[in-house]
Structures are given as C-alpha cells and as structure tokens.
Amino acid sequence: MQVTEVANDGLKRAYTVVVPAGDIAAEREKRLAELGRDLRLPGFRPGKVPAKVIAQRYGQAVMSEVLEQSVNKATDQVVTDRGLRPALQPKIELVNFAPEADLEFKVELEIMPDIAMPDFGGIAVERLKAEPSDEQVDKALETIASRNRKLEDVAEPKAAEKGDILVCDFIGRIDPAEGEAGEGEAFPGGAATDMPIEVDGPGFIPGFTEQLVGMLPGDERLVKVTFPENYGSAELAGKAATFTVTAKGMKRSILPPVDEEMAKSIGFDTLDALKDAVRGSLQQEYDNLARLKVKRSLLDALAAKAEFPVPEGMIEAEFAQIWQRVEQDLKAGNLDADDKGKDEDTLKTEYRGISERRIRLGLLLSEIGRTNNISVTSDELARAMRQEAGRYPGQEQQVMEFFRKNPQAAENLRSPIFEEKVVDFMLELAQVTDRQVSPEELTTPAEAA
C-alpha cells in the first residue's frame, strides 16, 4: 500500500492511498473460494461448484465487498500508523478503480487538537451558599395548603366574584370571517360540561375568566376572546372566538389551615415532619442552583484559558443542531427576547460562536477526564438509569427494560455524569471561596446582580 500526504493544514489532513491490484485480486479470489466451500446450486454437489460459475454469479457482489473492506482497512492503517486521533469519521473519495487496476482513493479528516492542561490552582471562583428562611418555609406550606383546598357549594344566590368557582357548560366557535354569515365553526376541544372555572383566575385563554365576573347560576353569557399568537394549536393561534357559557352552579374554595391535620392528610406524621421536608426540599433547590452558578463560573474561566483550535467539522455539526431549533422558534414566533430584532446573519454568527465554545469546552473537559483517569463506573450508570426510571411512576420496569434493549440510550446518561465528575475534580484544585448569601441573592440572575 502506498500512502502520500497531500494536505497538512492546521487540524486538517489529506492522503492519497493506492492499494495494488494484486492485493485486491488476491482478496477477491480468497473470498470467492470461501463462498464456494458451502455453496449449493442446482446441478452441483455441495462445495463442488466450479470457480468460473461462482465468479459469474457472485463476482461483482464479492468485488464490491472487497473494495469496501479494503478501503476501510487501508484507512484504519493510515490513521494508526501516523498516530492520528480523528475528530470525526474520515471522508473517503474513490479516485480510481478498474478491473486489473490499482485501487486509488483519497482520505480527508480533521484530527483532535493538542490540548494543554490548564493551571487549575490559578482558577478562582465563588461558591454561594443559602439557607431557606422560616418565612419561605411558611410560604411553601401555604402553597401546599392551596393545592389541597376543598370546594364547597355556595347555597345563597350571589354574583360571581374573583376567586369564586363557577361550574359551567360551554361551547366555543371560531368567529366567522368578515362578511360571512353564521355563528362560527365549533372546534375540537372547545366544549366542556360541568367544568369548574375560577372566576378571574388563571388557566384559560387570556381574557376568558375575567368575563365571568357577575354571573349567577343559571345565567348564559357570550365570552369573546382571541387566542394568543403562540397558542399550542396552529389552527387556533391568533384567531378570535366566541364561547357560549352557561353557569350551572357556584362553589367557593376552602383553604385548609396549616396544622397537624393537613400534614397527616398528605402523608406526614406531624406538622414538624412536613416542615422539615419542605425545608429540605428548599435547601436542595438552593444547593442545586449554587452548584449551577459555580459550575458556570468555572467553565467561563476555563473557556478564557482554552486557546486551542477546534475541528471545523465538529463546530458545523453542533451549529446545525442549534440552528435547526432556532429556525423552529423563528417560524413559531418563539425567539428568545435577546434574539428578537436580529437579522438572520447576526443570529448565525452568534450561534456559531456558541457552537465553537461548546465544542471547545467539551473537548477540554474530555481531555481533563482522560488525562486524570476520570471515568463513569457501571454502578454510577446503573444509578442514573434507576433515577431516570423514577421519573415515570408506575412505569419503572418498562423504562429499565428500554435501557436494556437500547444500550445507546443508557450511554446517553454517561456524558452528564462524566462532566459532573470532571467539574468536581477541578473544584477540588481550584481556589473556591464560599460566601453565605440570602436566597434572594442566590436566585437573582447574574445579569441583574
């Protein structure tokens, strides 16, 4: 095999490879002979089919297989002999092949960059710590009480006020276009019976529940609304509709007191046990947020130190995934506030920069883990699978079975575990200063701090 380097530019490499015709022919004859040992054809005894017949029937298919394997084997040898670390799958271009001629093809690839280990001791980050206050625990308990409120019938006739619950039947119709006659067309999901609706409350189309103020049981009212432009159903988004609403009854919500009885009703032995659980949940929330912030600071510091080149193919692959989501948001009118008003070229430039940063950090974290023998154990991966299954109560066995039948799905859980272990490793070596803050300061976005 003859290999000639034809390009060496940064991370890009290219080679022309020539495999002698004799090697190809020898491999082809070998494969045809192997095929003939067990071949059964009408009129011939097993294993006694003449080589000429085998070649006539299967020669072309065998040659295609030999060419593919020869290219793959030669490419692997090019990479191995030169100690290359491909960033992506090499690109192969067949240059020349004809019967009785040499096989010639071109290999193009990008290699992984040389990545120097940063000085972790020179990285200084601040880790915030916060504890939930008694007032926050009380507020959380009030929220729990609100979720466990009970409804009781309102016997005396009264006009509905904000916070009352009207039990209603309704049917909605899309308003006819200007100049068209009729009452409009009913649409799927636009009707309900005995639906409890909080007057002037959330959860419905904007402007719907506010128009129920003043209704009495037995009243019928036309409620006119316009679906938001970003409504989940494209058929209804931005359209005007009229609902015929009939109030059939009224209820009021009774908020249970935060006491021992409420705690027991939701599975706790005492009110103190419920308070401890609430405080622990808030503390976990704050700890997770503090972790995210110190991790972001650490990665920002790493990004500032990472100056190695990044394979363009990896950047383009990452950008393609990001831009696909941006285009979907553009079509749906759901762009982030920071992106609104920017032209497409500006957005592409910014998101390509984000793609490069992500790839650079990913390569750096991977190299830090590789250099320092950081890996994800089978026990850690199994624990992550069980945690993921726990997100689907009642379906845990099905989720675990899915992971067993789809190993790649389980492998997708490995990357975030690996990343967190690398972050832990770096935090052990970096200059980390702990600072006690209020929950309000912890939850304030960095941009607004």
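The values are calculated or read from the model by the stated rules, or taken from the named source; none is laboratory data. The model shown is predicted, which means the values in this text are computed figures rather than measured ones. Cβ atoms come from the backbone with ideal geometry, glycine included; neighbour counts cover every protein chain shown. Ligands, DNA and RNA are excluded from the accessible area calculation, which covers all protein heavy atoms including side chains. Shrake-Rupley method; radii C 1.70, N 1.55, O 1.52, S 1.80 Å.
For LYS348 and ASP200, calculate 0.36 nm times their separation in residues minus their Cα-Cα distance, and state this gained length in nm to one decimal. All intermediate terms of the calculation are to be shown ahead of the outcome.
On the way: separation 148, 0.36 × 148 = 53.28 nm, distance 4.27 nm.
Fully extending the segment from LYS348 to ASP200 adds 49.0 nm.
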Label selected from (1) 0.99; (2) 1.20; (3) 1.12, the criterion being Rg/Rh (Cα atoms, Kirkwood Rh) as computed here: (3)
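Taking the inverse of the average 1/r across all pairs of different Cα atoms in segment 347-416, what Kirkwood radius in Å do you get? Before the final figure, lay out each step's value.
On the way: mean 1/r = 0.0695 Å⁻¹.
In segment 347-416 this quantity evaluates to 14.4 Å.
Before I look further, what does segment 374-449 give for accessible area per residue, probe 1.4 Å, in whole square angstrom?
Details: 5130 Å² over 76 residues.
With all protein chains present, segment 374-449 gives 68 Å² per residue.
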Neighbourhood charge, 15 Å Cβ-Cβ cut-off, centred on VAL53 and excluding it, Lys, Arg +1 and Asp, Glu -1: +4
Förster radius 56 Å - calculated FRET efficiency between PHE44 and ALA304, Cβ distance, rounded to 0.05: 0.15
Rounded to whole Hz, the Karplus (6.51, -1.76, 1.60) HN-Hα couplings of segment 333-338, x for glycine and proline: x, 10, 5, 4, 4, 5
Percent accessible area from carbon and sulfur atoms, the chain, protein chains only, probe 1.4 Å: 48
For LEU103, distant residues with modelled amide H under 5 Å away: VAL19, ALA21
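Suppose all protein chains stay in the model; what accessible area per residue would a 1.4 Å probe give for segment 171-284, in Å²? Spell out each step's value before the answer.
Working: 6700 Å² over 114 residues.
Value returned for segment 171-284: 59 Å² of accessible area per residue.
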Cα long-axis angle, helix 396-405 against the chain (0 to 90 degrees, to the nearest 10): 10
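Which pairs, out of LYS275/LYS421; LYS106/LYS348; LYS150/LYS264; LYS48/LYS73; LYS295/LYS331; LYS293/LYS421, put more than 26 Å between their alpha-carbon atoms? Mind dumping the intermediate values first?
Details: LYS275/LYS421 32 Å; LYS106/LYS348 32 Å; LYS150/LYS264 16 Å; LYS48/LYS73 31 Å; LYS295/LYS331 33 Å; LYS293/LYS421 16 Å.
Exceeds cut-off: LYS275/LYS421; LYS106/LYS348; LYS48/LYS73; LYS295/LYS331.
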Distant-in-sequence amide H partners of LEU151 (H built 1.01 Å from N, under 5 Å): ILE254
Among LEU302, LEU32, LEU282, residue whose mean-square fluctuation peaks in a GNM of the chain (springs only between Cα atoms under 10 Å): LEU32
Prolate/oblate/rounded call for segment 78-191, Cα gyration tensor, a/c under 1.5 rounded: oblate
On Cα atoms only, tilt of 378-389 relative to the major axis of the chain in degrees: 40
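Any idea what diffusion coefficient segment 220-348 gets from Stokes-Einstein, in µm²/s, Kirkwood Rh on alpha carbon pairs, 37 °C, 0.692 mPa s?
Values: Rh = 21.8 Å.
This corresponds to a translational diffusion coefficient of 150 µm²/s.
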Projected area, mean over directions - segment 1-110, Cα convex hull, nm²: 7.7
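So, by mean Cβ neighbours within 10 angstrom, what's the order for 171-177, 244-250 with the highest one leading?
Values: 171-177: 15.9, 244-250: 18.4.
My ranking of the peptides, most packed first, is 244-250, 171-177.
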